[in-house]
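Values quoted throughout were computed directly from the atomic coordinates according to the rules given, and no laboratory measurement underlies them. Treat the numbers as computed from the prediction; the structure is a model and nothing was measured. Every residue, glycine among them, receives a Cβ derived from its backbone with ideal geometry; neighbour counts consider all protein chains shown.
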């Protein structure tokens, strides 16, 4: 493997984005002596050379502003992807020759992917989150994951059809793609935690003092915030506990906040110092309805927090050892685990140590190494994956 193409409609080197992951992959390729070309929306990593469109990330910001503040029932994501796809295709054709052995695509760029395949390039498609069709399957079960928008997934389906291999962070993601009717070969590579998190552990509280349960992420239906709030209302011991919610509050959650006893609830909002919240917490709770592989879970485990989560979070949590896996949309199950950990505080120390040990191998460097190794693998998984939810 001499030359690899990385394409992503995101910002290279910017934290909490798919562009952050692609930047790490690019550095790993360079360390291994592989030439790498990068086409991305914007670049924040001065050590990398990246081709970007003239509009950079301003278009995405403008469309996101429209979605959040003006037309929340309209998704503009497919429009942005459509424009970026054409930019990438022009860049590829302008180059003249196609000397890539592998292309890793971080967005549904179906036209660019088709051109690469015509030129005998092995095309990997990054699938960082559950397939959009899963939203519809949830609604058929009476579970609303997002009241704002149900995005058309036609452009995603076209890209999956063009891919040779899917790069997925969890078995849950693969399962949703397969439920949507695809049999594309795949490889599962879990995400990781930043070294700053892994190196700054503090012991969890195990005294009889206030027990702190932490939620970090968008306070929205998709993240299971509704069911966490309902579980908190049913938690009989909450007078000696605190629930801390970090993240932007979506309008869809406001009705559930109004029904919640807020006496022992702290709304932090968006914070750039999430590390302080992890250090102050005893248990992390993220009952998401659908994710890819929630980065917050890795971070919480790196701080030694037992995690209450769902299978749909796509995490590495081992039920009963590093935390608990509860069914989605089940407030009673969450309440049961809150009660159990409150009355069995002696379990927190063992679960804390187990969480730190379990997450230790999952660094971003290890993630990038596994991704790069997958480019030259001779076989990929095709087996059917089933999940409980």
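Where only DSSP H runs of four or more residues are counted, the chain gives -11000 deg cm²/dmol as its mean residue ellipticity at 222 nm, each run worth -39500 (n - 2.57).
Among 253, 187, the ranking by other beta carbons within 10 Å of each residue's beta carbon, starting with the fewest, stands as 187, 253.
Measuring between their Cα centroids, region 338-376 and region 76-135 lie 33 Å from each other. Rounded, prolate or oblate for region 262-365? Axes are the square roots of the Cα gyration tensor eigenvalues, ordered a ≥ b ≥ c, and the cut-off for rounded is a/c under 1.5. Since a/c stays below 1.5, the shape of region 262-365 is classed as rounded.
The residues 340, 172, when put in order of fewest to most other Cβ atoms within 10 Å, stand as 340, 172.
Neighbour counting of Cβ atoms within 10 Å sorts the residues 351, 28, fewest neighbours leading, into 28, 351.
From the C-alpha coordinates alone, can you work out the Kirkwood hydrodynamic radius of region 195-359, in Å? Here the Kirkwood hydrodynamic radius works out to 15.3 Å. Rounded to 0.05, the FRET efficiency of the residue 239 and residue 69 pair, given R0 = 45 Å and the Cβ-Cβ distance, is 0.75. Mind checking the angle between helix 346-359 and the chain's longest principal axis? C-alpha axes, 0 to 90 degrees, to the nearest 10. Helix 346-359 sits roughly 10 degrees off the main axis of the chain.
Model label points for residue 95 and residue 248, set 7 angstrom from Cα along the Cα-to-Cβ axis, are 3.4 nm apart. Indicate the gyration tensor shape class of region 1-110 (rounded, prolate or oblate), computed on the Cα atoms with a ≥ b ≥ c the square roots of the eigenvalues: a/c under 1.5 is rounded; otherwise a/b larger than b/c is prolate and the rest oblate. Note, shape of region 1-110 comes out prolate. Taking every C-alpha pair closer than 8 Å and separated by at least 6 residues, the mean separation divided by the residue count of the chain gives a relative contact order of 15 percent.
Between residue 119 and residue 61, the simple label model (points 7 Å from Cα in the Cβ direction) yields a spacing of 3.2 nm. Taking label points 7 Å from Cα along the Cα-to-Cβ direction, residue 265 and residue 321 give a separation of 3.5 nm. Label point of residue 376 set 7 angstrom out along Cα-Cβ; within region 97-112, amide nitrogens under 18 Å from it belong to 100-104. When only Cα pairs below 8 angstrom with a gap of at least 6 residues are kept, region 216-354 shows a relative contact order of 25 percent.
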